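Report on the structure given below.
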Ligand SMILES: *Cc1c(COP(=O)(O)O)cnc(C)c1O
């Protein structure tokens, strides 16, 4: 669907009932099957009004058509489902661990081969597009916040039929539109910023090419990866406020990143908005905002980082991200993420007042025995 309004207006107005007497919002419609003869048949085949509205909303923002799934991983699996036998995949060295595992499992059973490429390495990604069937980028990446040059990679010569996918979860459709940069598919875990309240699982793929969209819808249907009506309702309801949530969260994230960088007890702050970020200029050119995710390394290591997580009172010690409430966890403690720096904490900045978040971190650092004096940041 074509978007003509500004994104913040579109988020509020798109995907609403149009007939006189209808409610302003699509009601939750628990239904598996529909009376014959009216076009809708069976819910798994894609016909719950709430999904259609969610798909119209996100598709319009990203300049394509959206297909909603039961989770971000279900959306990822639908893409992998398209691969020919013996396909060659290129995956980032840093990406969502579930996608990594999906790729590794297929590799282990001989379905495809997987090559890992550093997120920032534009030349290597461009090379992969010439030889691989699926080139999977995630930018900014989870959890290291590395930024790939999407337009440069997408503009490179391709193996016929090669698919370029960008996991756009961290950026959200407001900060980055991969299809406009040349990707074939943009993926969202709508569980995160789009839903925004840590109360649902939902995934979304956006693409332009009709044949590709048909294959993705067919995969969703046959694999039963359809979102429930309640989840579609919650994702759509959450998306209505995405622009105000994101604006506040990313402004706070930037201030917190600046502050964290000034502290001696932190080794390294990873936030694309910082001038010290290795590809800050690329991030500034590519993104409309630097996002609400920060990763930082507690110099004293894992034990101290765990103590920090346990000592916060405003920030919730929990996995996942993108909610109105700030959440933080030590990522190397997550199975499959042991390769990460042991003291790395990933913070998802919510919509609380930023000074309360700073004070909460400061008291947690002190409780963990860390020095909160400003240091040289090295
Ligand atoms: C959470 C996440 C996913 C997976 O989404 P689910 O909704 O949890 O299945 C994929 N990519 C990224 C970047 C994520 O953060």
If we keep just the residues of the range 83-96 that are surrounded by fewer than 17 Cβ atoms within 10 Å (Cβ to Cβ) and in contact (Cβ under 8 Å) with a residue 40 or more places away in the chain, which is farthest from residue 148 (Cα to Cα)? 84
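Could you grab me the full set of residues in the range 289-311 that are farther than 19 Å from residue 262 by Cβ, away from the ligand (no atom under 14 Å from the Cβ) and in contact with a helix residue (DSSP H, G or I) (Cβ under 6 Å, 6 or more places away or on another chain)?
So the first thing to find is which residues in the range 289-311 are farther than 19 Å from residue 262 by Cβ, and the list is 289, 291-293, 301-303, 306-307, 309-311.
Imposing the further condition that a residue be away from the ligand (no atom under 14 Å from the Cβ) reduces the set to 289, 301-303, 306-307, 309-311.
Across the range 289-311, the qualifying residues are 289, 311.
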Answer yes or no as to whether residue 53 is crowded, with 16+ Cβ neighbours inside 10 Å and in contact with a strand residue (DSSP E or B) (Cβ under 8 Å, 6 or more places away or on another chain). no
Only one residue in 46, 86, 50 is away from the ligand (no atom under 12 Å from the Cβ), more than 18 Å from residue 170 (Cβ to Cβ) and out of contact with any helix residue (DSSP H, G or I) (no Cβ under 8 Å at 6 or more places or on another chain). Which one? 86
Return the residues of the range 182-211 that are more than 14 Å from the ligand (Cβ to nearest atom) and farther than 24 Å from residue 89 by Cβ; say none if nothing qualifies. 210
Look through the range 313-339, keep the residues that are away from the ligand (no atom under 15 Å from the Cβ) and closer than 21 Å to residue 188 by Cβ, and return whichever of them is surrounded by the most Cβ atoms within 10 Å (Cβ to Cβ). 326
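Can you tell me which residue among 134, 179 is more than 14 Å from residue 208 (Cβ to Cβ) and away from the ligand (no atom under 12 Å from the Cβ)?
Details: 179 fails: more than 14 Å from residue 208 (Cβ to Cβ).
One residue alone meets the criteria, 134.
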Within the range 258-288, which residues are assigned to a strand (DSSP E or B) and touching a helix residue (DSSP H, G or I) at 6+ places or on another chain (Cβ under 9 Å)? 263, 266, 268, 269, 270
Under 7 Å by Cβ, and 6 or more places apart or on different chains, what pairs join a residue from the range 14-32 that is over 19 Å from residue 235 (Cα atoms) with one that is surrounded by 12 or more Cβ atoms within 10 Å (Cβ to Cβ)? 32/42; 32/43
Before we move on, is residue 250 under 15 Å from the mean Cα position of the chain (by Cα), away from the ligand (no atom under 13 Å from the Cβ) and either in contact (Cβ under 8 Å) with a residue 12 or more places away in the chain or surrounded by fewer than 24 Cβ atoms within 10 Å (Cβ to Cβ) (or both)? yes
Inspect all residues belonging to the range 341-354 and state whether any of them is without any contact (Cβ under 8 Å) to a residue 12 or more places away in the chain and part of a helix (DSSP H, G or I). no
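Where a number appears in this text, it was derived from the coordinates with a stated rule and is not lab data. Remember, it's a predicted structure, so these values are computed and weren't measured experimentally. All Cβ positions, even for glycine, are placed from backbone atoms using ideal geometry, and neighbour counts span all protein chains on display.
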